[in-house]
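These notes concern the structure reproduced below.
The values are calculated or read from the model by the stated rules, or taken from the named source; none is laboratory data. Model, not experiment: these values are computed from the prediction. Backbone-built Cβ (ideal geometry, glycine too); neighbour counts: all protein chains shown. Ligands, DNA and RNA are excluded from the accessible area calculation, which covers all protein heavy atoms including side chains. Shrake-Rupley method; radii C 1.70, N 1.55, O 1.52, S 1.80 Å.
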Amino acid sequence: MITVNGEAKINLTLDILGKRPDGYHEVSMVMQSVSLHDTLQLERIPEGIELSIDVPWLEADETNLAYRAAAKILAYGRVSGGVRIQLQKRIPMAAGLAGGSADAAAVLRGVNELYGLNLSLDELCSLAAQLGSDIPFCLCGGTMLATGRGEVLKRLPPVPAFWVVLAKPPISVSTAWAYQHYDAEGAERHPDNEAMCRAIAAGSREELAPLLCNVLESVTIKQYPVIAVYKEKMLQQGAMVSMMSGSGPTVFGLLGTRAAAERLAAVLREQTDADVFVCHTTQED
């Protein structure tokens, strides 16, 4: 039996450049992995895929990305055997944190190790891209510029270390819904990804913070104003910057110390009905 973790991600930037002929959106975004993670235990079985999840209402069949990732790599590796997966969820779902993608990436890494397939990272990323746009990033982790539909990755220098407070309101947002409404409404401000990459390379928190920008934020806030409330609370309580991640609804704040992050989290737990997590930025293995 082996244990693998699937880390959540936040978006430092998210820009939509247009609709592609294949129906996807062309994006350009700086993505960052954080230490909040799901844990997966994998073991060999004679055949098939057995997935169990500690969230009873979450489907554990071929509609689940972790299950589909197992099927994909077992078939690709021509494995004469199966895998049993026990998934412990910590990353909230439909939250803009790539929880499902993180699980799928962990399964690809885990089955590769479990069966000694020796697939390269490029091969794993190719399989990942067939399953979902965020999964290649979740395989690689760290700090990356993602383009295409999110699967074309460029490694960036490590982001200056931050403590991160995540606050997910008790709502779920469909990524498809957010992108559809963006198409109709557009955005007032777009991120400057070149400037963001320069700020990261300079290792400057102060340069980086004002450059955070997510074009989907205004779309989701119009439907769920509580996101704006969370952002304001985070800034009032000392966050250097606060923004929605992905298509939302999770809001994150960046802070310099663990103590400051814990203080902010305590206020949010007291004053809101959010699920609140304290974590930190991470870099690739």
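Taking region 20-40 as the search range and keeping residues that are within 21 Å of M244 (Cα to Cα) and touching a helix residue (DSSP H, G or I) at 6+ places or on another chain (Cβ under 8 Å), which one is most open to solvent (accessible area, probe 1.4 Å)? Before you say what the answer is, go through the steps one by one.
So the first thing to find is which residues in region 20-40 are within 21 Å of M244 (Cα to Cα), and the list is 25-38.
From what is left, the residues that are touching a helix residue (DSSP H, G or I) at 6+ places or on another chain (Cβ under 8 Å) are 25, 28-31, 33, 37-38.
Details: H25: 26, S28: 19, M29: 10, V30: 0, M31: 2, S33: 4, H37: 52, D38: 0 Å².
Here the answer is H37.
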Any idea how many residues of region 125-143 are out of contact with any Pro (no Cβ under 7 Å at 6 or more places or on another chain), of a type in the set (A, V, I, L, M) and open to solvent by 10 Å² or more (accessible area, probe 1.4 Å)? 2
Long-range neighbours under 8 Å by Cβ, at least six apart or interchain, first residue in contact (Cβ under 8 Å) with a residue 40 or more places away in the chain within region 216-231, second aromatic (F, W, Y) and not in a loop (DSSP other than H, G, I, E, B): L216/Y179; L216/Y182; V219/Y182
Total residues in region 41-66, condition more than 17 Å from D134 (Cβ to Cβ) and crowded, with 17+ Cβ neighbours inside 10 Å: 5
If a residue has to be farther than 15 Å from G18 by Cα and crowded, with 17+ Cβ neighbours inside 10 Å to count, how many in region 184-204 make the cut? 5
Looking only at region 143-154, which residues are under 16 Å from the mean Cα position of the chain (by Cα), modelled with pLDDT of 95 or more and not aliphatic (A, V, I, L, M)? T143, T147
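Might you let me know whether region 109-120 holds any residue that is of a type in the set (G, A, S), at pLDDT 95 or above and in contact with a helix residue (DSSP H, G or I) (Cβ under 8 Å, 6 or more places away or on another chain)?
So in region 109-120, the residues of a type in the set (G, A, S) come out as 110, 116, 120.
Filter once more, so that each one left must be at pLDDT 95 or above: 110, 116, 120.
Now drop any that are not in contact with a helix residue (DSSP H, G or I) (Cβ under 8 Å, 6 or more places away or on another chain), which leaves none.
No, region 109-120 contains no residue that is of a type in the set (G, A, S), at pLDDT 95 or above and in contact with a helix residue (DSSP H, G or I) (Cβ under 8 Å, 6 or more places away or on another chain).
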